[in-house]
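Each remark here refers to the structure printed beneath this line.
The values are calculated or read from the model by the stated rules, or taken from the named source; none is laboratory data. Note that this is a predicted model, so its numbers are computed, not measured. Here the Cβ positions follow ideal geometry from the backbone for every residue, glycine too, while neighbour counts run over all protein chains shown.
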Amino acid sequence: MLDGLKNSLGDAIKKIVKSSGIDEELIKELSKDVQRALLQSDVNVRLVLEITKRLEERALDETPPPGLSRKDHIVKILYDELSKLLGNESDFDFKPDKQNKIILLGIQGSGKTTVASKLAKFLTRQGHKVGVIGADTYRPGALVQLRTMCEKSNVEVYGEENNKDSPSIVKNGLKHFEGEPLDVILIDTAGRHKEEQDLLDEMDRINKVTDPDLALLVIDGTIGQQCFSQAEAFHKTIPVGGVIITKLDSSAKGGGALAASAATGAQIMYIGTGERIDDLEKFSPTRFVGRLLGMGDIQAILDLAKRLENEGDDVRMKRISSGKMNMDDFFYQLEEVTKVGSLKGLLDSMPGFSGMVKNDQLDQMEDRVSKWRYIIQSMTKDEKADPDLINSSRIKRIARGSGWPEGEVKELLKNYKNSKSMMKASKGRQMQGTLRKMGL
Ligand code: GDP
């Protein structure tokens, strides 16, 4: 599946791993390789540029945690960013003691009927009791196809050969299954009409009759980034709760299809990977990207990074709370509190603090942190470990190196010292201290 993308990303990573040293030129080359690979897989140009810009910035700016090589760190950044491009993981949230109704939407040929049969088997295997309603009255043979495929997994299919009115079939089907001990009812709908508007109207009527727990949109992955407009069009008629992308086995545009669907904000829940009934997989962006990049290689890097992250945090927190904070620790804390939403979310959830932090104050803080990032980057390793070394001639040099006036360097040092002494006085209450020192 997605062999082209896999090979080209694999080649790009090999270049990094085999290089004798990492420099800006190599990172730019990696970025270009990734761009080429994603564009060939029909990922939208804007998304490609966004992701490779972040890749370059992070690869150049971020210092790998101690113990993780620069090369591994860059591979991990690529893994993180590609996973982000594909959205979050999500699964069915069936409510107990009721028949959960799922409508399958999608245009003709997208693989809807196949997906209905595949899902029926998949969910049955998980121990659910499933019933199916075949309401695709437009495509000849859809009902027979559904019955044949579901027969093997002993799933009952309700359909009416001589009725052309889908909403009434759905209504009758729901009545038929009423009282049966089913957890899930899957409803296959038509994917085509003479006029597009007729199709959307019918979806609307079926939606009203069904009152579904979930509308699942089935999209053919071979259409690549066009998935975006297709998903949007359906979403306007029925709120789409999840997406299934099919035919990823036979599409060179699979990357584009996945990225475009995720960009609509819809969750990709499952992917179709072949014509056989078992060719359906639960979709996990991280696992998927892991496979693309060669899971065996990436897993070791991820495990190591996770271990180091935890160890690093423990050591750091001990150092901070014992009053031995260095400049890196100080900056780490600042970055933690300015992480998007974290400070505002935290304060909003505390009684009496709700709404206290205004967005412009947050912006000011972020400005400050980004200024200070440059200043700290202009310090030597020794200066960061022991900021007391920083005398007036060093302040001059740091100011010159960072491009900010001496006054700003002094301001940073003052804040660092205040924070450190407060940390000594009130162990573990670094958050409040940092806030107060930031003028909040
Ligand atoms: P519908 O019109 O949306 O109900 O589409 P169908 O379920 O009849 O599927 C249309 C065609 O796509 C059929 O020939 C299926 O066998 C094929 N198909 C469906 N899903 C997949 C898939 O994941 N991979 C491949 N290669 N073919 C698929």
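Out of I219, I187, report the one residue that is within 15 Å of the ligand (Cβ to nearest atom), at pLDDT 95 or above, within 18 Å of A116 (Cα to Cα) and in contact with a strand residue (DSSP E or B) (Cβ under 8 Å, 6 or more places away or on another chain). Just one listed residue meets the conditions, I187.
Of G131, G159, which residue is buried (at least 21 other Cβ atoms within 10 Å of the Cβ), modelled with pLDDT of 90 or more and more than 20 Å from G272 (Cα to Cα)?
Values: G159 fails: buried (at least 21 other Cβ atoms within 10 Å of the Cβ).
Checking each option against the conditions leaves just G131.
Please go through segment 106-115 and pick out each residue that is assigned to a helix (DSSP H, G or I) and more than 6 Å from the ligand (Cβ to nearest atom). Once the filter is applied, which keeps residues that are assigned to a helix (DSSP H, G or I) and more than 6 Å from the ligand (Cβ to nearest atom), segment 106-115 yields only V115. T63 meets all of the listed conditions (1) within 16 Å of the ligand (Cβ to nearest atom); (2) of a type in the set (V, I, T); (3) not assigned by TED's automatic domain parsing to the domain that holds Y270 but one, namely (1).
When you go through G242, G265 one by one, which is the residue that is modelled with pLDDT under 85 and either on the phi > 0 side of the Ramachandran plot or touching a strand residue (DSSP E or B) at 6+ places or on another chain (Cβ under 8 Å) (or both)? Spell out the reasoning first.
On the way: G242 fails: modelled with pLDDT under 85.
Within the list G242, G265, the selection yields G265.
Only residues that are touching a residue at least 24 places away in the same chain (Cβ under 8 Å) and either loosely packed, with under 12 Cβ neighbours inside 10 Å or assigned to a helix (DSSP H, G or I) (or both) were counted in segment 371-398, giving 12.
Residues are listed down the side, and each one gets a yes or a no for (1) of a type in the set (A, V, I, L, M, F, W, C); (2) touching a Cys at 6+ places or on another chain (Cβ under 7 Å); (3) farther than 23 Å from Q99 by Cα:
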residue: N162; (1), (2), (3): no, no, yes
residue: S168; (1), (2), (3): no, no, no
residue: V218; (1), (2), (3): yes, no, no
residue: G221; (1), (2), (3): no, no, yes
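Contact annotation: residue pairs with Cβ atoms under 7 Å, 6 or more positions apart or on different chains, pairing a residue in segment 124-149 that is more than 13 Å from I169 (Cβ to Cβ) with a partner that is among the charged types (D, E, K, R) and within 11 Å of the ligand (Cβ to nearest atom), are R139/R192.
I need the full set of residues from segment 232-252 which are surrounded by 21 or more Cβ atoms within 10 Å (Cβ to Cβ) and more than 10 Å from the ligand (Cβ to nearest atom), in order please. Working first, answer last.
Step one: filter segment 232-252 for residues surrounded by 21 or more Cβ atoms within 10 Å (Cβ to Cβ), giving 234, 240, 243-248, 251.
Within segment 232-252, F234, V240, V243 qualify.
Restricting K253, K247 to residues that are in contact (Cβ under 8 Å) with a residue 24 or more places away in the chain, within 21 Å of K84 (Cα to Cα) and charged (D, E, K, R) narrows the list to K253. Whether a residue is more than 22 Å from F92 (Cα to Cα) and either modelled with pLDDT under 95 or in contact with a helix residue (DSSP H, G or I) (Cβ under 7 Å, 6 or more places away or on another chain) (or both) was assessed, and D198 passes this test. Evaluation of R276 against the conditions (1) touching a residue at least 24 places away in the same chain (Cβ under 8 Å); (2) within 10 Å of the ligand (Cβ to nearest atom) shows that the sole unmet condition is (1). A Cβ distance below 8 Å, combined with a sequence gap of six or more or placement on separate chains, defines the contacts here; from segment 220-232, residues that are within 13 Å of S250 (Cβ to Cβ) reach residues that are more than 15 Å from the ligand (Cβ to nearest atom) and part of a helix (DSSP H, G or I) in the pairs G224/G256; G224/A260. Taking the listed residues K95, K118, the one that is more than 16 Å from the ligand (Cβ to nearest atom) and either more than 21 Å from V43 (Cβ to Cβ) or in a helix (DSSP H, G or I) (or both) is K95, with no other qualifying. Just one of the listed residues (S166, S117) is small (G, A, S), farther than 23 Å from D198 by Cα and buried (at least 22 other Cβ atoms within 10 Å of the Cβ), and it is S117.
Return yes or no: is L174 assigned by TED's automatic domain parsing to the domain that holds P212, at pLDDT 95 or above, under 14 Å from T210 (Cα atoms) and within 33 Å of the chain's Cα centre (by Cα)?
Working: assigned by TED's automatic domain parsing to the domain that holds P212: yes; at pLDDT 95 or above: yes; under 14 Å from T210 (Cα atoms): yes; within 33 Å of the chain's Cα centre (by Cα): no.
In short, no.
Tell me, which strands (runs of 3 or more DSSP E) wholly within segment 175-286 include 1 or more residues that are among the aliphatic types (A, V, I, L, M) and closer than 30 Å to L47 by Cα? Break it down stepwise before answering.
Details: elements: 184-189, 214-220, 242-246, 268-272, 280-282.
Answer list for segment 175-286: 214-220, 242-246, 268-272, 280-282.
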